[in-house]
1. To test your reading of the geometry: what angle, between 0 and 90 degrees and rounded to tens, separates the Cα axis of helix 105-117 from the longest principal axis of the chain?
2. Can you list the HN-Hα couplings for the stretch 244-250, worked out from phi with the Karplus curve (6.51, -1.76, 1.60; θ = phi - 60°), rounded to whole Hz and with x for Gly and Pro?
3. How many angstrom lie between the C-alpha centres of the stretch 58-88 and the stretch 359-422?
4. What does the charge count around W224 come to, taking other residues whose C-beta lies under 13 Å from its C-beta (Lys +1, Arg +1, Asp -1, Glu -1)?
5. What number do you get for the chain when its Cα radius of gyration is normalised by 2.2 N^0.38 Å, N = residues?
6. Would you order I387, I21, I129 from fewest to most other beta-carbon atoms within 10 Å of each residue's own beta-carbon?
7. Counting other C-beta atoms within 10 Å, which of S251, S388 has the fewest, and how do the rest follow?
8. Out of every Cα-Cα pair in the stretch 220-332, what percent are more than 24 Å apart?
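Quick note: the coordinates plus some simple rules give every number you see, no bench work behind them. Here the structure is a predicted model, which means the values were calculated and not measured. For neighbour counting, all protein chains shown are included, and Cβ atoms are generated from backbone atoms with ideal geometry for every residue, glycine included.
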Amino acid sequence: MPSVEHGTGTSMPTPWTAPDILEKLDRLATCTEKAGEISRLFLTPEHAQALSLVRGWMQEAGLETRLDASATLAGTRPSDRPGMPRLLIGSHIDTVRGAGRYDGCLGVIMAIALAARLRDAELPYALEIRAFGDEEGVRFPVTLTGAHATAGTFDPAWLGAADDDGITLGEAFESFGTDPGNLARCKPADVFAYLEIHIEQGPVLEAANLPVGVVTAINGAARWELTITGRAGHAGTVPMAQRRDALVAASAMVLAARRIAIERPDVVATIGRLVVSPGAANVIPGECILTLDLRAPEDAARSAAAREILAAFQHIAAENRTSLSAQLLHDAPATACDPRLQSRLAASIAAAGLPALHLPSGAGHDAMAIASLCPIGMLFVRCAGGISHHPDESVTVDDVATALDVMLHTLQNLDPTAFLSP
């Protein structure tokens, strides 16, 4: 697999505008494994094709480019004050299968547009744009690979994770032309903050009729697989009062999870998968397997909701003469956005003549991993209907223009010394 080379590009005649950004996102959408939909997985030929496009655009913006060992593409311009640390701006260019064209990619292309606009401006910090390749975790059962490598939290055991074809992550890196044994983290002293621009992937901004918003925190998330065991039986011969119907218990659990989450502000609960066995029309369900996904911007609130929901599930199982077992599959803490970066973004939104809506993110982002390296901040951009991970994902040119102005104002008024230890 070809690697991305170092280099800088030629001058750009004019700064990028919002239509330019959307046009480049349309071009990036052509990097897909299947015609007619956007599917671009980590360390694939489509990923390499996307890297080539993005590298060219970084060089047009005057950035020096390099591909690191985690297949993260970085574009850098030095500070006008030697020795000053870097501001990282990034997001991801991989997608889910059947994706939209703005999740992750909008943040990368907008960041390059910002670098192009600031090309001749004086900056009191170095600027580095990062295009991560594995935020979605679709090909391998690991996620945030590039962001974890940047932050120094990549677990070498992940190199043994295999895709559906039995190819390990380590083997895929080697085939792609990178050396997984040479992953290099950023030094905390060299980075003072990280910013990420991302579509909201939800309906809050649209409901408020606002183009952008300030992210307060990335929700913590936990996921369980629950098995309800009852007793299968003949649908016509077992009296209702004597049944041990696993699906009846599961149905009550779905409603209980919804009720408890609604009663708790900012907590969301989802039963996203339900498998009924034996799955015959004339057989009482003897077993149900379901998943519970629970998220909140504060871990204490999420933990309290989890305790209440799981206790309710146990009570429902007993009422229906079934048994319940629960296996925790995933548990990621909430990630708070830095108050100083929130304030700076809010001030920039106000400078654009708009109210600054603060809201949490219910989805995961590369910023979650980067938070162990440096303070993080995020700007949300409105997306139509809150639709994401779907071809109908959509943004407007006016909203992109507003987000570009807000971020440009933020970068022009960002003081790195406010983040440095005395």
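1. On a 0 to 90 degree scale, this one is about 20.
2. Couplings: 10, 8, 5, 6, 4, 5, 4 Hz.
3. Rounded to whole Å, the Cα centres lie 19 Å apart.
4. Every neighbour counted, the sum reads +2.
5. After normalising by residue count via 2.2 N^0.38 Å, the value is 1.08.
6. I387, I21, I129
7. S251, S388
8. 26 percent
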